[in-house]
Amino acid sequence: MFIFGKKKKDKDKEKNLSKAALPAESAYKLPLKLEEKMELIQPYLIKNDDMVGRPFCLGGEHEIKGYVIHLEGMIDNISLQQDVLRSLMFYACGEELNKRGTDYLIDHIYKNCLNVSQIEKVYNLDNLLQAVFDGFVILIFDGISEALKIDIRKTDRRGIEEPDLERALRGAKEGFVENVIVNTALVRRRLRDTNLVIEKLIIGRRTRTDVVLMYIEDIADPEIVINVRDKLNRIDMDGILGTEYIEQLIEDHHYTPFPQFKTTERPDKVMMELLEGRIVIMADGSPDALIIPSVFNSFLQASEDYIERPVISFYNRLFRYLAFILAVSLPALYIALLSFNPELIPVQLLITLAQGRDKVPFPVVLEVMIQEVIIQLVIETGLRLPVPMGQTIGVVAGIVLGQAAITAGLASPAIIIIIAVTTISTFALPNSTLVMASRIVRIFMILMAAAFGIFGFSVGWFLLLTHLISLESMGVPYFSPYAPMRYPDLKDSILRGFISKMTKRPVSIPGQNPVRKRETDG
Amino acid sequence: MKKHLSLSLLFFVLLFVCGCWDAQDIEDFNVPLIAAYDLAKENGKEVRVTVLYPDVAQRNKELIEPVEGKTVGDTRSKRGTRFPSTLLLGHIQLALYGEKLAYQGLYSFIDNYVRNPRIKKSLYMAVVKGGSYEFLKEVHQNNQYLGFELPKVFSSKKKNQFFAITTLYDFAHAVTTTGKNPVLPVLSADKRKNYKIDGTAIFKKDKMIAIADMNETVPLILLRGIERCCGHIPFIITKEGKQIDKGTVEIASQRKVYVERKGDKFIFHIKLKINGRLVEHYTSERFLIKDANYIREVEKAVEEQIKRDCQKLILKMKEEWGVDCIDISRFALAKWRRELEDVIEDEDFIRNADIKVDAKVNIDCWGSGS
């Protein structure tokens, strides 16, 4: 089996840790005496009011002093009292340890006294302080240079709910939360494969955000895994907010409005993507998983596509493609036809449109731009306001403002319909980042149509397609399976073939094991 | 500096290339639906172009604007001096030509349509008995939506009428192709100022030479073999000189032409394959036709009637019109192009040709109930 650059990975981890460590002046090896250790830690305890410490003594006749340090609110206090302090103070048996020497003490505590699973030794002050700020509990003892780092972290998190942006009519209703540990568990629970690799990285010199890299070792392409890991390790900035930052930091094309990596809040979707040979990145503090590589086609697919029957999925996908085309082109087409090429409009419609526009004082281009600006303001307002207020604003803008604009002769009925259909189409797209992209591209198409009419509209689409074809997502052609044409993948493009016939993994996504299913089954 | 200069240059290039200067919104246009052409004066040196368009400002109203000029283009510039809006010619649905103008020839009046790529080549053409302006004015009094309705007479491909439907493309193609001659429907207004199709204009290239009435139009359309032409044909069955039944059949016809040559004589065999259904017959005791032989009688009656009408028309075509209005010359041209290319348009060619018609009627639906 291929090992994904193991040595390199270890080196990178070390490098990453050292990068993330505190400034060099505090890189001391821990002294033996507790007082000396406390002298080093004291400045941090004074500066940070949420850093809590208390002294304790090990149980038995021969007292061995110790000190516990942790951050307030970051750990499970009950576990600290019952599983750590109680064990140490009542069951550590200092006299026994005294006979065997202090060197034995730390191993004894490590192996016999503490009934928590994740314990690690810490040897220097840097790592000790870092562990405290990472939310671990630190135990230091008099006469022992090593400290113990105990993981009983507990953070308040919201419950697992259905993601708002990716609601599905059928299928699982679970969504990711902001805790990366919970998120990885959600994926693990669905994908119990021994080859599922979950690598933990820490990114951000100061935020020290936990980042997880997931892939299935015998399916994912090793080159892409190495590439992604390298890119993650190269991130050297003081802080990242979540996967959104990582997305922007590792993408190849910064100026395009199109997202190069798909994000999802659904564990079932992540599982399916992993099975297709993709790599997933999750970060603490972000409920999104980043799917690498992603192709344009995948942004128009929803998770329930694979749950519904093929014909229904095909029907739904067809409408999503139509929605993208309408979202990008409808206002531009309206301008091109009404201002440049009215011959292309059927005569009955033309007369109706002309009569609707007769009292409007603005040219078509300006009318469209005004309505576009209004609708963007309404969308922005609705997003930021609480839900009931946002709905009210939507109703006011949609019905009252639209009707008033027509009555006042500031807009024609047709443009209200055009903008409404465009907005509905925009939000029919299943991916929020593609929604944003379509809004930007729409403005570009409007300008092209306003300047050059139908010709400009055609050139706009030509440029758009050229741009999409030129993009790559982690080295994978963004517009495949359409360009370059990958015929086997067409059965999961606009079409969605029968699951029983999808025996191979997508050709567009490089991988090691192309066979998904035996043909004789099902 | 160089970058700024390049960007400025690009901006100006885009600004001048930009077509937004040519943009004109639809409310600034008048959209003529019907254009009518007449001779303005008897000498034929001036033309009167009338357009009928819906008024954008006042809904439910159509306006008729006649303008006279030396040429069609001249009428357009004169129209600009009288009316504020620009004409959007791309939506003309129907072009009407006055009778006198049609006799003079239509070539110079379709030239502007053929040259303009914005004008659709599928617009319908018709000849109007009398003047087309007078026709429009008269008929419009009875029909406020004439601009939409009249073209629909042609566009909603009639299934129960035999009349010619000719588009600009068909006409231009026939005029410019050796061995072909166009026909146009003829419109007229009745006493109650309603429009009707009143026959077919026979053209020799772009010049009208005669008008066939509606009785002649049916065999003309059948003989021209217009694709999937269909309609209703009344029939009468007589026995021993006595009428025993009458009724109507709905038929669809297909034409096959075979041409042979005996010396200088060209013999055309036109075979009409007609399928249809019995729509009605008036003999009450035969409400349910159980005897299939009776249908054979109907078929025979229709066959004979069609043959008779076709031969009558062919005779008139050869003797009076002297032009191939049934579109058969091209079959001979296809076989003997080199010999016939120069003579096929001559009157003698069609006068000397032997044209035989055979009709085979098959009525497979007669409502027998079986």
Selection count where residues are more than 28 Å from A:A450 (Cα to Cα), within 14 Å of chain A (Cβ to nearest Cβ) and surrounded by fewer than 21 Cβ atoms within 10 Å (Cβ to Cβ), scope the range B:14-63: 6
Quickly run through the range A:458-468 and pick out the residues that are buried (at least 16 other Cβ atoms within 10 Å of the Cβ) and within 15 Å of A:Y255 (Cα to Cα). A:L464, A:H467, A:L468
Within the range B:122-149, track down each residue that is surrounded by fewer than 15 Cβ atoms within 10 Å (Cβ to Cβ), within 21 Å of the chain's Cα centre (by Cα) and over 20 Å from B:K191 (Cβ atoms). B:S122
Starting from the range B:282-307, take each residue that is modelled with pLDDT under 90 and list its partners that are assigned to a loop (DSSP other than H, G, I, E, B), counting only C-beta distances under 6 angstrom and pairs at least six apart or across chains. B:L288/B:G369; B:I289/B:W366; B:I289/B:S368; B:I295/B:W366
Between residues in the range B:109-128 that are more than 14 Å from every other protein chain (Cβ to nearest Cβ) and residues that are charged (D, E, K, R) and surrounded by fewer than 24 Cβ atoms within 10 Å (Cβ to Cβ), which pairs lie under 8 Å by C-beta distance while being six or more apart or on different chains? B:I110/B:D206; B:V114/B:K121; B:V127/B:E99; B:V128/B:E99
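Any residue at all in the range A:333-348 that's touching a strand residue (DSSP E or B) at 6+ places or on another chain (Cβ under 7 Å), within 14 Å of chain B (Cβ to nearest Cβ) and in a helix (DSSP H, G or I)?
Yes.
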Residue in the range A:484-499 that is nearest to the chain's Cα centre (by Cα), counting only those that are assigned to a loop (DSSP other than H, G, I, E, B) and under 26 Å from A:V225 (Cβ atoms): A:S493
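Going by what's in this entry, would B:L315 be described as part of a helix (DSSP H, G or I) and either in the same structural domain as B:K246 (by TED's automatic domain parsing) or over 27 Å from the mean Cα position of the chain (by Cα) (or both)? Full working, then the answer.
On the way: part of a helix (DSSP H, G or I): yes; either in the same structural domain as B:K246 (by TED's automatic domain parsing) or over 27 Å from the mean Cα position of the chain (by Cα) (or both): yes.
Answer is yes for this residue.
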Strands (runs of 3 or more DSSP E) completely within the range B:1-74 that count 1 or more residues being assigned by TED's automatic domain parsing to the domain that holds B:A102, closer than 24 Å to B:L168 by Cα and aromatic (F, W, Y): B:34-39, B:47-54
Checking A:E380 against (1) crowded, with 16+ Cβ neighbours inside 10 Å; (2) more than 14 Å from chain B (Cβ to nearest Cβ); (3) not β-branched (V, I, T), which test does it fail? (1)
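On the given criteria, is A:S329 closer than 28 Å to A:P488 by Cα and either of a type in the set (K, R) or in a helix (DSSP H, G or I) (or both)?
no
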Tell me which residues, restricted to the range A:173-183, are buried (at least 17 other Cβ atoms within 10 Å of the Cβ) and more than 15 Å from the chain's Cα centre (by Cα). A:E174
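Every residue, every condition in (1) among the aliphatic types (A, V, I, L, M); (2) touching a Ser or Thr at 6+ places or on another chain (Cβ under 7 Å); (3) within 24 Å of A:R157 (Cβ to Cβ), yes or no:
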residue: A:P222; (1), (2), (3): no, no, no
residue: A:I226; (1), (2), (3): yes, no, no
residue: A:R229; (1), (2), (3): no, no, no
residue: A:I235; (1), (2), (3): yes, no, no
residue: A:T256; (1), (2), (3): no, no, no
residue: A:F261; (1), (2), (3): no, yes, no
residue: A:P267; (1), (2), (3): no, no, yes
residue: A:V270; (1), (2), (3): yes, yes, yes
residue: A:E276; (1), (2), (3): no, no, no
Answer yes or no: is there a residue in the range B:168-176 that is within 14 Å of the chain's Cα centre (by Cα) and within 14 Å of another protein chain (Cβ to nearest Cβ). no
Suppose we filter the range A:190-217 for residues that are surrounded by fewer than 16 Cβ atoms within 10 Å (Cβ to Cβ), farther than 20 Å from A:S286 by Cβ and in contact (Cβ under 8 Å) with a residue 12 or more places away in the chain; how many remain? 2
Please go through the range B:64-96 and give me each residue that is surrounded by 13 or more Cβ atoms within 10 Å (Cβ to Cβ), within 14 Å of chain A (Cβ to nearest Cβ) and either without any contact (Cβ under 8 Å) to a residue 24 or more places away in the chain or touching a Leu at 6+ places or on another chain (Cβ under 7 Å) (or both), ordered by number. B:H91, B:I92, B:Q93, B:L94
In the range A:274-297, what count of residues is obtained for those that are within 25 Å of A:I469 (Cα to Cα) and either touching a His at 6+ places or on another chain (Cβ under 6 Å) or surrounded by fewer than 21 Cβ atoms within 10 Å (Cβ to Cβ) (or both)? 1
Per-region count, the range B:336-370, residues touching a strand residue (DSSP E or B) at 6+ places or on another chain (Cβ under 8 Å) and more than 15 Å from B:M317 (Cβ to Cβ): 11
When you scan the range A:354-371, do you find a residue that is more than 14 Å from chain B (Cβ to nearest Cβ), under 43 Å from the mean Cα position of the chain (by Cα) and of a type outside the set (S, T, N, Q), even just one? yes
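The values are calculated or read from the model by the stated rules, or taken from the named source; none is laboratory data. These numbers come from a predicted model, not from an experiment. A quick note on method: Cβ atoms are made from the backbone with ideal geometry, for glycine too, and the neighbour counts reach across all protein chains shown.
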